Amino acid sequence: MKKNIDYKKDLAEKLEELKKIEGFPIGTDEDILALSEPPYYTACPNPYIKDFIEEHGTPYNEETDDYHRVAYDGDIAVGKNSSVYNSHAYHTKVPPEAIVNLINHFTVENDVILDGFCGSGMTGVASTMNKRNVILSDLSPIATQISYNYNAKIDKFQIKNDFNKIVLELKDEFGYFFDTFYKRNKGEIINVVWSDVNLCKFCNNEFLHIDGEKQEIYTCPNCNAELKISDYQRVFTKIHDDILNEEIEIAKQVPVKINLRLNKKRIEKDIEDFDVNLLNNIN
């Protein structure tokens with residue numbers, strides 16, 4: 001592709017002409033330009049395909065062309081559990097591993113492959129895996145966006161640095177959510193165990209399931225009565241939901257234990273006042 005060109009500006013100047021093409025997406029110029037990363041991805045008909053083909057393709061010459069392939073007759077059986085396949089859902093999606101054999105059979109390294117109905121871009125992934133150049137196109141804007149993100153060249157070191165920066169920013173803002181103490185030593189919360197609150201019908205006092213093993217009959221820790229399921233009921237409480245802007249009723253639950261990490265060791269402890277205060281502050 002040509003160097004020293006402001007492709008974003010160039011695409012903006014070409015939009016009026018591109019709008020004459022049937023199937024041009026519905027949307028503002030600003031949105032189309034914001035989505036696009038020209039010359040390799042445009043959220044509209046791409047005016048730079050000709051340049052791409054001239055750079056990577058070989059002009060057809062009838063006199064010297066000797067291309068010939070018989071129909072592919074091999075078995076294609078692959079699973080759908082690869083990390084690439086599962087990283088984004090899309091209907092009619094085919095694992096790239098199922099396309100590789102076809103690409104290797106019908107093309108050679110550095111060939112240009114066209115998928116005019118690319119969907120989520122799995123043909124592009126399979127092509128890149130086998131050192132082919134590929135042009136992906138689809139009428140669906142979301143399909144082209146997914147395809148682009150699957151196939152764009154990335155700087156993995158930049159992504160790692162950006163990710164670590166985000167993690168540090170999140171820790172600075174929310175890291176205290178995971179603070180706890182064990183024997184005066186500061187640890188990191190892995191998870192909090194909560195218990196439903198139940199009401200004994202004999203003494204009318206609340207008790208927790210965590211106080212007894214999971215069984216058909218519980219012993220009330222307050223009055224020692226043996227409780228079948230019909231002898232107690234869950235306790236509900238009302239809270240104000242800011243989104244609904246109304247009071248809603250939810251099951252009452254209380255934290256009872258914390259699993260924490262301290263000096264690379266996993267430890268379980270009972271909830272303490274510090275933990276209760278922290279959870280209340282978070283709420």
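For this structure, a couple of remarks:
- Packing around the peptides 108-115, 79-86, 241-248, 136-143, taken as the average count of other Cβ atoms within 10 Å per residue, puts them in this order, highest first: 136-143, 108-115, 79-86, 241-248.
- Contour excess over end-to-end distance, with Cα ends at Ala12 and Lys183 and 0.36 nm allotted per residue: 55.2 nm
- For the pair Ile142 and Asp31, the difference between a 0.36 nm per residue extended length and the Cα-Cα distance amounts to 38.7 nm.
- Gained length - Ala77 relative to Phe236, 0.36 nm times residue gap less alpha-carbon distance: 52.0 nm
- Val108-Lys3 pseudo-label distance in nm [points 7 Å out on the Cα-to-Cβ vector]: 2.9 nm
- Three-way shape label, segment 29-131, alpha-carbon gyration tensor, a/c 1.5: oblate
- Of Thr180, Thr144, Thr219, the one that fluctuates the most in a GNM where the chain has Cα springs shorter than 10 Å: Thr219
- Lys/Arg +1, Asp/Glu -1 at C-beta; the chain dipole; positive extreme among Gly27, Phe163, Ile142: Phe163
- Computed accessible area, Thr92, all protein chains, 1.4 angstrom probe, square angstrom: 120 Å²
- Residue-normalised accessible area of segment 35-126, expressed per residue, 1.4 Å probe, Å²: 65 Å²
- Our helix-only sum for the chain, with -39,500 (n - 2.57) per DSSP H run of n ≥ 4 divided by its residues, gives a mean residue ellipticity at 222 nm of -9000 deg cm²/dmol.
- Surface share of carbon and sulfur [accessible, 1.4 angstrom probe, percent] for segment 1-144: 54 percent
- Loop-located trypsin sites (Lys or Arg not before Pro) in segment 183-283 (DSSP state not H, G, I, E or B) with no more than 14 neighbouring Cβ atoms inside 10 Å: Lys183, Arg184, Lys201, Lys214, Lys228, Lys264.
- Cα gyration tensor shape for segment 11-82, rounded if a/c is under 1.5, else prolate or oblate: oblate
The values are calculated or read from the model by the stated rules, or taken from the named source; none is laboratory data. Worth saying up front: this structure is predicted, and the values here are computed from it rather than measured. Cβ: placed from backbone, ideal geometry, glycine included. Neighbour counts: every protein chain shown. Side chains included, ligands, DNA and RNA excluded: accessible areas come from the protein's heavy atoms. Shrake-Rupley method; radii C 1.70, N 1.55, O 1.52, S 1.80 Å.
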